[in-house]
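All remarks here apply to the structure that follows.
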Amino acid sequence: MSLPLTRLLVIRHGETAWNLETRIQGHTDIPLNEQGRWQAQRLGEALADEGISAIYSSDLQRAHDTALAIGQHSGVDVQLDLGLRERHFGQLEGLTQTEIAQQHPEDSRRWRERDPAYGPRGGETLQAFYERCVGTATRLAQAHPGETIALVAHGGVLDCFYRAANRVDLSLPRSWKVANASINRLLYSPEGFSMLAWADSRHLDDAALDEATDGALAPQFKLA
C-alpha cells in the first residue's frame, strides 16, 4: 500500500532592501523592507484556508518573518529548520553581480557557468547546496504524509526545489521565476517531487488593483 502524498507550499520570503539593490544575501541576515512586510501579510491571507498543518522556515529573519505572517493567519506555529537557509556565498555576500565580476572575475565566470563543484571562498558548492535543500524538503515531506505543509525559504532554495520536481540538471541556466512571496505548489511521493503550480502571485496583483483609485496600472513587484 502506497503512502499518501504530501502537498508542499514552497515560498520565497518577501522583498528586502538587498533584493532591490541586487546584492547577494546568502547567510547575511537582512530584514524584510516595508514592501516585503506587506507582501508577507497578503501571502498569509491568501493561504489562510489551505489547511496547512505545519510551517517550516529558514532561521534567517527575512524568511522567518514571512513564515510568521502565514502562521498568524493559519493558526499554526512556525518551526525553524537550518536546512532551509539560503546558499552560503562566503566572500561574495553583500556584493552585486557587477561588483563580483569586477572584484572576483574567476568566481563570476564559474558562477555563470553553473559549475556544480564550484563554491566561493567560505561558501557552499552548488552540488552540496542542492543536496542540502532537497534532502531537507524530503525529510520534512516524509514526516507529514497526507498533509499540507509550508516551507518558507529563499530564492536559491526554491530553485533547487523546482529542479528536483522537474528533473532539471543543476548545470542548466534558470529560465523560471522565483518571485518574492509567490505561492509554489509541489507534491511529494516515494518516487520524489512533482510540480503542481509555480509562481502564483495573484494575491499581490489583486491587492494592488484593489488599492488603485484612478484606474492606473498596478505597481510591479521585483522578481529578482
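The values are calculated or read from the model by the stated rules, or taken from the named source; none is laboratory data. Worth saying up front: this structure is predicted, and the values here are computed from it rather than measured. Note: ideal-geometry Cβ built from the backbone for every residue, glycine included; neighbour counts use all protein chains shown. Just so you know, the surface numbers come from the protein's heavy atoms only, side chains and all, with ligands and any DNA or RNA stripped out. Shrake-Rupley method; radii C 1.70, N 1.55, O 1.52, S 1.80 Å.
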(message) For a Förster distance of 45 Å, can you work out the FRET efficiency between the beta-carbons of GLU113 and ALA199, rounded to the nearest 0.05?
(response) 0.95
(request) Report the one residue of GLY94, TYR118, LEU43 whose Cα lies farthest in the direction of the positive end of the charge dipole of the chain (charges on C-beta: Lys and Arg +1, Asp and Glu -1; origin at the Cα centre). (result) TYR118
(request) Send over a whole-number figure in Å² for the accessible area per residue of the chain, probe 1.4 Å. (result) 47 Å²
(request) First compute the accessible area of region 23-62 with a 1.4 Å probe, then give the percent of it belonging to carbon and sulfur atoms. (result) 41 percent
(request) Among DSSP beta bridges lying fully in the chain, give the percent that are antiparallel, nearest 5. (result) 50 percent
(message) Connecting C-alpha atoms closer than 10 Å in a GNM of the chain, tell me which of HIS203, HIS13, HIS64 has the biggest fluctuation.
(response) HIS203
(request) May I ask which residue of ILE55, LEU140, ILE70 lies farthest towards the positive end of the charge dipole of the chain, with charges of +1 (Lys, Arg) and -1 (Asp, Glu) on Cβ and the Cα centre as origin? (result) LEU140
(message) Not counting ligands, DNA or RNA, and with a 1.4 Å probe, what is ARG110's accessible surface area in Å² rounded to the nearest 10?
(response) 70 Å²
(request) Provide the solvent-accessible area of TRP38, counting protein heavy atoms only and rolling a 1.4 Å probe, rounded to the nearest 10 Å². (result) 70 Å²
(message) Accessible area of region 111-158 with a 1.4 Å probe: how many percent of it is carbon plus sulfur?
(response) 51 percent
(request) Choose one answer from ALA40, ALA17, ALA54: the residue with the largest mean-square fluctuation in a GNM of the chain with alpha-carbon springs under 10 Å. (result) ALA17
(request) Set the Förster distance to 41 Å, then compute FRET efficiency between LEU172 and GLN72 from the Cβ-Cβ distance, nearest 0.05. (result) 0.60
(request) Can you tell me the FRET efficiency between GLU191 and GLU45 if r is taken as the Cβ-Cβ distance and R0 is 45 Å, rounded to the nearest 0.05? (result) 0.85
